[in-house]
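Heads up: the structure comes next, in structure tokens.
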Amino acid sequence: MLSMLLDRKARFLKIYANLPLGVRGEIIVVLEEKGPLTWNAVFVEVDVDTPLSSSILEKLEHLGII
């Protein structure tokens with residue numbers, strides 16, 4: 001489980017690092033509990049490893065974004 005989470009995090013960070021700065025303000029995912037989240041907001045959640053970050057990364061993987 002932990003290795004899968006780290007793999008998702010690494011894929012997200014690699015994609016995020018290669019995004020143009022203007023794109024980072026665009027909405028990437030909408031969660032029922034939080035609403036729409038931008039690339040920047042997701043980066044903060046993932047970087048700090050919040051409890052919400054695992055569900056965000058799971059959804060991004062399901063959507064084929066990471």
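The values are calculated or read from the model by the stated rules, or taken from the named source; none is laboratory data. Note that the structure is a prediction, hence the values are computed from the model and not measured. With ideal geometry, Cβ positions are generated from the backbone for all residues, glycine too; neighbour counts draw on all protein chains shown. Protein only, heavy atoms only, side chains kept; ligands, DNA and RNA dropped before computing areas. Shrake-Rupley method; radii C 1.70, N 1.55, O 1.52, S 1.80 Å.
Things worth noting here:
- The aspartates and glutamates within cross-link reach of LYS34, meaning a Cα-to-Cα straight distance under 13 Å and a gap of 8 or more places when in the same chain, are GLU45.
- Label-point separation in nm, VAL48 to ILE65, each point 7 Å along Cα→Cβ: 1.8
- Helix-only mean residue ellipticity at 222 nm for the chain, each DSSP H run of n ≥ 4 adding -39500 (n - 2.57), per residue, nearest 500: -18000 deg cm²/dmol
- When exposed loop sites are taken as GluC sites (Glu not before Pro) in a DSSP loop with at most 16 other Cβ atoms within 10 Å, the longest stretch of the chain clear of them is 34-66.
- Computed with a 1.4 Å probe over protein heavy atoms only, the accessible area of SER54 comes to about 40 Å².
- Heavy-atom accessible area, probed at 1.4 angstrom with all protein chains present, ranks LEU21, LEU60 as LEU21, LEU60, highest first.
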